[in-house]
């Protein structure tokens, strides 16, 4: 490996610490890194980043599971609905204008980001995963999230965690930990596909996988020891960033048309 490849280990470490701590896969940071800094085509950037996200899901889930914060029933239910729905969403991109949809949904995410900051969410006694019944009535929401994640190319964690916390009133730590488990399930399906179509450049994927694996365990370790209001605010900042990033292309197009 050359220096350009080896430097991906500490970069992956830093990205994974933050990502695992708030229950996201880190793909929204890895893909632009590979595409812009390493000049990879988008298909190679996405495929190579998937190995890093897989490592995050594996080691982050391991730490959260050992800490007792993963709701296995909820994770299995959501994964079994979100994964097939995201495949449908990817197909729908050829017939639906996803740019306008992304702008509309960015407003929803921005609203969720604000709520993460300003609302007090009672969580007393909610850290026991056994008290969380799997509510089948939320399946339609999970299906919509899956379709949207497939259409918009963003990880489900950015949409699932607000639903877990703000709608289902699940404890923040359980929401983050279970989201990490869902990331693992999803990448177990997608990584083999990227491998079969030769979209993974292992020169870059292996070092990012090493860094992400180590960082995920560290991030989960930090998360279980951080006060939940702080975790919600950090996640709120991430949601704000994602919402602005989603809205940016359409805003630029509108301004260029006006000017």
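All of the numbers you see were taken from the coordinates with simple rules; none came from a lab. All of these numbers come straight from a predicted model, not from anything done at the bench. Positions of Cβ are backbone-derived with ideal geometry, glycine not excepted, and every protein chain shown enters the neighbour counts.
Remarks
- Computed over the alpha carbons of the chain, Rg followed by Dmax gives 17.7, 57 Å.
- Cα centroid separation, segment 203-238 to segment 30-91 (Å): 13
- Taking 135, 35 and counting other C-beta atoms within 10 Å, the order from fewest to most: 135, 35
- The peptide list 78-89, 226-237, 209-220, put in order of mean Cβ contacts within 10 Å with the highest first, becomes 209-220, 78-89, 226-237.
- Dimensionless Rg ratio for segment 163-227, taking C-alpha atoms and the 2.2 N^0.38 Å reference: 1.41
- Each of 58, 196, 246 has some number of other Cβ atoms within 10 Å of its Cβ, and from fewest to most they run 196, 58, 246.
- Pairs of Cα atoms farther than 16 Å apart, segment 32-74, %: 52
- Global form of segment 1-109, assessed from the alpha-carbon gyration tensor, a/c cut-off 1.5: oblate
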